[in-house]
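Before I ask anything, let me first share the structure, which is written out below as structure tokens.
The values are calculated or read from the model by the stated rules, or taken from the named source; none is laboratory data. Keep in mind it's a predicted model, so treat the numbers as computed, not measured. Note that we place each Cβ from the backbone using ideal geometry, even for glycine, and neighbour counts take in every protein chain shown. To get the accessible areas, we keep the full protein, side chains included, count just its heavy atoms, and leave off ligands, DNA and RNA. Shrake-Rupley method; radii C 1.70, N 1.55, O 1.52, S 1.80 Å.
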Amino acid sequence: MEYIERRIKIGDTDPAALLGANDAHLQLLESRFPATIVFRNNTLSLRGTPDDIRQLENIISEMLYVLRRKGTLTPTDVEEIIELVDGTAGQYSASGAAHSSTDIIVWGRSGPIRPRTQRQRFYAEKVANADIVFAIGPAGTGKTYLAVAMALAALRANQVQRIVLTRPAVEAGESLGYLPGDLFEKVHPYLRPLLDAVADMVAPDKLKNLNEKHIIEIIPLAYMRGRTLNNAFIILDEAQNTTIGQMKMFLTRLGQGSKAIVTGDVTQIDLSTRSQSGLLDVQNVLRGIEGIEFVYFDKSDVVRHRLVMDIIDAYERSENQRAGQQFSDEQSPT
């Protein structure tokens with residue numbers, strides 16, 4: 001049987017944090033792989049079969065990544081990383097998520113990010129297999145957060161060269177023109193939710209570097225016109241506030257090797273006329289086209305504060321009562 005050797009330098013990483021208390025993390029790796037692992041002179045020396053060494057290299061790389069992002073590494077983290085890599089040979093799905101029982105999409109700054117409901121898992125599967133996915137449902141269901149996680153996973157897996165995040169700058173009762181500052185300062189509040197999601201998964205210095213290199217681009221929807229985006233993962237958030245023309249403009253930006261996720265909540269349309277919404281219109285226009293999928297979330301998928309589900313319930317009851325009253329008024333004789 002062929003054996004190979006590899007050496008991995010850990011740089012300025014704390015060896016005790018990486019190897020665990022009393023080398024617990026190292027022992028965990030050795031219990032799962034029939035390979036020899038020796039730490040000396042700030043270097044891990046690996047000896048085993050090519051398949052075992054390849055997986056160990058992937059696992060140790062993930063361990064280093066998580067330790068640098070979180071500042072700590074627990075035995076549970078190591079177990080999850082082993083499950084993430086073991087049996088997949090480091091291969092990722094089209095969404096960038098590894099096929100494993102853990103359902104981990106990507107490692108964020110505070111730990112692994114994974115679907116938390118069955119419909120969120122269904123969402124991740126659709127993104128893995130379709131070029132365009134529409135995620136429609138109420139606030140708090142993870143539509144945008146998971147979309148950003150899947151985009152970052154695809155970027156890390158080198159399946160795309162950049163990420164483009166965009167939203168329409170539609171005012172909820174306020175005029176954009178009256179806001180102070182230059183154009184970026186005017187649109188910045190509309191892009192804040194996307195920035196928050198990315199910042200939860202990428203360290204500030206890394207995010208700044210990705211922005212400067214235009215690997216991650218966060219822009220208003222109006223700036224998409226005239227562009228063709230190749231090898232990109234594109235997310236359109238708050239799509240209920242796009243007009244029909246804007247939705248068509250956005251969808252036709254998709255170039256070779258690209259993937260798009262469109263998220264929105266049709267109960268929160270801020271356009272002057274509800275029927276103008278591109279998200280309402282597109283559900284009829286594009287349904288049934290191969291490569292395009294629709295995923296519908298409901299209040300059972302809410303993963304925010306428990307009161308969010310109660311709030312959604314209350315508004316649904318109120319809207320149903322208003323609709324019933326309007327129907328009664330229309331049917332009553334004048």
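Is it true that some residue in segment 160-167 is over 14 Å from the mean Cα position of the chain (by Cα), open to solvent by 60 Å² or more (accessible area, probe 1.4 Å) and modelled with pLDDT of 70 or more?
There is at least one residue in segment 160-167 that is over 14 Å from the mean Cα position of the chain (by Cα), open to solvent by 60 Å² or more (accessible area, probe 1.4 Å) and modelled with pLDDT of 70 or more.
Let me ask something else. Within segment 227-250, can you find the residues that are among the hydrophobic types (A, V, I, L, M, F, W, C), touching a residue at least 40 places away in the same chain (Cβ under 8 Å) and touching a Leu at 6+ places or on another chain (Cβ under 8 Å)?
Hits for segment 227-250 are 229, 233, 234, 235, 236, 239, 250.
Another question, if that's okay. If residue 293 satisfies all but one of (1) open to solvent by 30 Å² or more (accessible area, probe 1.4 Å); (2) more than 23 Å from residue 226 (Cβ to Cβ); (3) out of contact with any Phe, Trp or Tyr (no Cβ under 8 Å at 6 or more places or on another chain), what's the number of the condition it fails?
Only one criterion in (1) open to solvent by 30 Å² or more (accessible area, probe 1.4 Å); (2) more than 23 Å from residue 226 (Cβ to Cβ); (3) out of contact with any Phe, Trp or Tyr (no Cβ under 8 Å at 6 or more places or on another chain) is unmet by residue 293, namely (3).
Within the bounds of segment 265-277, is there any residue that is of a type in the set (Val, Ile, Thr) and in contact with a strand residue (DSSP E or B) (Cβ under 7 Å, 6 or more places away or on another chain)?
Within segment 265-277, one or more residues are of a type in the set (Val, Ile, Thr) and in contact with a strand residue (DSSP E or B) (Cβ under 7 Å, 6 or more places away or on another chain).
Taking the criterion of being surrounded by 14 or more Cβ atoms within 10 Å (Cβ to Cβ), touching a Pro at 6+ places or on another chain (Cβ under 8 Å) and outside any loop (DSSP other than H, G, I, E, B), would at least one residue in segment 58-69 satisfy it?
no
Another question, if that's okay. Could you say which residue among 95, 45 is modelled with pLDDT of 85 or more, open to solvent by less than 50 Å² (accessible area, probe 1.4 Å) and not in a helix (DSSP H, G or I)?
Answer to the check: 45.
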